[in-house]
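A.B. asks: Take this structure first; my questions come after.
The values are calculated or read from the model by the stated rules, or taken from the named source; none is laboratory data. Note that the structure is predicted; figures quoted are calculated from it, not measured. Because the Cβ atoms are built from the backbone with ideal geometry, glycine has one as well, and the counts that use them run over all protein chains shown. Note: accessible area is taken over every heavy atom of the protein model, side chains too, but ligands, DNA and RNA are not part of it. Shrake-Rupley method; radii C 1.70, N 1.55, O 1.52, S 1.80 Å.
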Amino acid sequence: MNRKNIDLTEGNIVKVIIAFAVPLFIGQLFQTLYHSVDSIVVGNFINGDALAAVNASTSLCNTLVGFFTGLSAGVGVVFAHHFGAKNYKDLHESIQTTMTFTLIAGVSVALLGVIFARGMLTLLKVDPDIMDASASYLRIYMFGVLFTAIYNVGASVVRSTGDSVSPFWHLVISSVANIILDLLFVAVFRMGVNGVGWATIIAQFISVVLVFRRMQLMDSEYALDLKDLHINWQALKEVLSMGLPAAIQSSITSIGNIFTHRYINGFGKAATAGLPTGQKIDQFAQLACKGVGLAIPTFIAQNIGARKYDRAVKGVRITAILVMALTIIPGFIVYIFAPQLARIFTPDEEIIKVIVSFLHTVMPLYGFMGMHQLFSGINKGFHKATFDMINNIFSMVIVRQRWLAISLAHDHVIQNIFWCYPLTWACAGIIGFVYYELVVKKEVNRLTNQTQE
């Protein structure tokens with residue numbers, strides 16, 4: 001086994017989870033910085049309208065990118081299961097098939113995004129003053145969706161073998177490149193909003209080159225072979241059984257956010273710029289929690305593959321304690337320093353007021369976000385991706401949209417939009433916890449008994 005790989009089926013559970021999660025946490029830090037630097041640069045080097053133009057397309061970008069992020073999370077469980085069971089032939093077929101499918105789907109989604117960019121922004125009721133700049137940025141960004149898709153799926157392949165270090169370095173390198181190019185294109189070459197779009201594409205391409213190289217250097221029994229890209233229909237059926245529910249969940253949740261952003265845009269350009277910026281700060285607060293949340297599905301899947309069911313359940317208990325601590329503490333810090341954090345993105349006081357109001361609303365209830373992240377990852381790890389999809393669609397789309405429609409009709413204030421986030425985190429987290437306790441644990445106990453017999 002490569003020295004970078006951690007065998008999650010052996011050793012002290014706390015140590016291996018933390019060792020695997022730390023690179024994921026730092027990688028998420030750079031990935032979040034990667035997505036936030038566009039807003040920081042345009043907000044400080046151009047103006048508030050430019051920040052609104054970039055943020056206006058955030059929900060659309062997240063929808064398309066979210067499909068592949070969800071896909072990678074789901075198929076990563078399949079990869080980890082095969083790796084834990086040492087089924088390297090099946091692992092190789094799954095990798096070759098998934099990468100081929102991702103290339104085809106990525107090209108298709110990118111082309112559709114470019115063609116329908118302006119029409120999608122029109123549906124969002126984007127302010128006419130920023131429509132041209134926002135559409136231009138979105139079209140450029142859509143070209144990079146293919147690279148984002150390949151990187152996310154490739155990183156899930158690498159992580160499934162216990163190597164969370166390589167994807168971390170890939171993100172560091174591409175993030176630094178994005179920051180340098182953003183500043184070069186905007187501050188030096190004065191390319192405006194388009195400059196941050198092109199900087200993002202180039203940085204994404206760099207990450208793809210790096211992850212491809214890492215997959216080719218894996219153990220020869222399951223390493224990626226670019227000359228042998230093909231679709232094995234049985235393998236495709238297996239990876240999509242886990243990957244598609246996660247991908248659909250992520251996409252539909254993001255589509256729900258598109259409708260949420262329609263409400264936001266109705267409160268003016270300051271809201272269009274402010275709330276998505278507040279969410280970027282919120283993403284920084286989620287980092288430690290997400291690092292552990294990304295680790296637990298791989299930990300569970302490897303141990304289920306190795307038939308170490310008791311170890312998988314014990315890992316759940318340990319992770320729950322970690323996640324709660326890593327959610328509440330950052331939330332408290334962000335609440336206190338909300339004004340200072342907002343000023344990193346923009347000097348515009350009207351936008352800052354929206355950002356601070358959002359953060360002060362959601363941070364006191366941040367524990368529910370951690371609970372949601374935790375049990376979403378746990379249930380995916382136990383191959384319950386379809387349930388997780390249904391839970392998230394119900395909570396993040398149906399409940400959220402009903403709350404917005406009813407609350408805004410009763411009292412049309414932007415705070416009602418802010419409240420939809422902790423409300424739906426709580427809904428998804430509680431449902432996920434109950435399902436794990438009543439359904440998943442019973443199945444795991446049954447498998448444990450069969451193994452002992």
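A.B. asks: For the range 161-170, enumerate the residues that are open to solvent by 20 Å² or more (accessible area, probe 1.4 Å) and modelled with pLDDT of 85 or more. Working first, answer last.
C.D. replies: Within the range 161-170, the first condition is being open to solvent by 20 Å² or more (accessible area, probe 1.4 Å), and the residues that meet it are 165, 168-169.
Passing the criteria: V165, W169.
A.B. asks: Restricting to the range 185-212, and then to whatever is outside any helix (DSSP H, G or I) and of a type outside the set (F, W, Y), can you tell me which residue is most open to solvent (accessible area, probe 1.4 Å)?
C.D. replies: R190
A.B. asks: Okay, next question. State the number of residues belonging to the range 129-140 that are in contact (Cβ under 8 Å) with a residue 24 or more places away in the chain and open to solvent by 20 Å² or more (accessible area, probe 1.4 Å).
C.D. replies: So the answer is 4.
A.B. asks: Same structure again: Can V126 be described as of a type in the set (V, I, T), within 22 Å of G70 (Cα to Cα) and surrounded by 24 or more Cβ atoms within 10 Å (Cβ to Cβ)?
C.D. replies: no
A.B. asks: Which helices (runs of 4 or more DSSP H) sit wholly inside the range 257-348 and have at least 1 residues that are within 21 Å of the chain's Cα centre (by Cα)?
C.D. replies: Result: 269-285, 287-305, 309-336.
A.B. asks: Related question: Filter the range 265-279 down to the residues that are at pLDDT below 85 and in contact with a helix residue (DSSP H, G or I) (Cβ under 8 Å, 6 or more places away or on another chain) and list them by number.
C.D. replies: Answer for the range 265-279, where residues must be at pLDDT below 85 and in contact with a helix residue (DSSP H, G or I) (Cβ under 8 Å, 6 or more places away or on another chain): N265, K269, T272, A273, P276.
A.B. asks: Identify the single condition in (1) within 16 Å of I46 (Cβ to Cβ); (2) part of a loop (DSSP other than H, G, I, E, B) that D182 does not satisfy, given that it satisfies every other one.
C.D. replies: Unmet for D182, out of (1) within 16 Å of I46 (Cβ to Cβ); (2) part of a loop (DSSP other than H, G, I, E, B): (2).
A.B. asks: For the range 237-251, name all the residues that are of a type in the set (V, I, T) and either farther than 20 Å from A73 by Cβ or open to solvent by less than 50 Å² (accessible area, probe 1.4 Å) (or both).
C.D. replies: V239
A.B. asks: Let me ask you something else. Any residue that is farther than 30 Å from N44 by Cα and touching a helix residue (DSSP H, G or I) at 6+ places or on another chain (Cβ under 9 Å) - is there at least one of those in the range 349-366?
C.D. replies: Scanning the range 349-366, I find at least one residue that is farther than 30 Å from N44 by Cα and touching a helix residue (DSSP H, G or I) at 6+ places or on another chain (Cβ under 9 Å), so the answer is yes.
A.B. asks: Just to be sure I understand the filter: pairs with C-beta atoms under 7 Å, separated by 6 or more residues or on different chains, first member in the range 327-345 and more than 16 Å from Q286 (Cα to Cα), second member open to solvent by 100 Å² or more (accessible area, probe 1.4 Å) and assigned to a helix (DSSP H, G or I). Which pairs pass?
C.D. replies: Final answer for the pair search is none.
A.B. asks: Being among the small types (G, A, S), assigned to a helix (DSSP H, G or I) and open to solvent by 60 Å² or more (accessible area, probe 1.4 Å), is that true of even one residue in the range 227-236?
C.D. replies: no
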